[in-house]
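Following: one structure in structure tokens, then a few remarks.
Please treat every number below as a calculation from the coordinates, not as lab data. Remember, it's a predicted structure, so these values are computed and weren't measured experimentally.
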Amino acid sequence: MFDDEDDDFDFESGDFDPDAYRREQERIHNLPIYKKAVEIADITKAITEAIDPEKDVMEIGQQMLGNAYMLAAKVVGAEGGDLYTLRMECAVVIKIHARELTSQTTLCKMEELAADKYLQLLRDEIDSFRLLFIDWVNGFDKENDIQDNWGLFY
């Protein structure tokens, strides 16, 4: 199926610049939205570690962690993809996971899985993230794109 003589998408090992890669990773990790996403993941992890597994019959804690971890991952994906359509796709996924996580805090409260004050802290941080998200998305360059013929975002 694959020919070993493929050109590997024109990638040459000499094309990789480790210093440029490090600088780009540093830039992304210093973005306020990325930092807030990591903070949300840390708070979520602390909350879920305190949940009694015997009471968490629906494994809400694991679902919360999955949603929280997707935030930073998709910020990195959007920044790495750079094209408007790819960035918007990541933004939509971020919004969905953030909203799911917010909903799960309500479920945790109803099921008495975690202390209200910690769930409120997480909700407050998600709301701070939402404000950063709005600014971040508004900074996407609509002109930097290649239409993908799916009809979204146009």
>> For a 18 Å ceiling on Cα separation, which of these pairs sit above it: Lys55/Lys109; Lys36/Lys109; Lys35/Lys142?
In response: Lys36/Lys109; Lys35/Lys142
> With θ set to phi - 60° and the Karplus curve 6.51 cos²θ - 1.76 cosθ + 1.60, what are the ³J(HN,Hα) couplings of region 71-88 in order, to the nearest whole Hz, using x for Gly and Pro?
Replying inline: 4, 5, 4, 6, 4, 4, x, 5, 5, x, x, 6, 5, 3, 4, 5, 5, 5
> Going by a ≥ b ≥ c, the root eigenvalues of the Cα gyration tensor, does region 102-154 fall in the rounded group (a/c under 1.5), the prolate group (a/b larger than b/c) or the oblate group?
Replying inline: oblate
> What is the Cα centroid distance between region 124-154 and region 60-111, reported in whole angstrom?
Replying inline: 14 Å
> The list (1) 9, 30, 30, 20, 8, 2, 0; (2) 9, 29, 22, 22, 15, 3; (3) 10, 32, 27, 19, 10, 2 gives values of P(r) over Cα pairs in 10 Å bins from 0, in percent, and only one came from this structure; which label was calculated from it?
Replying inline: (3)
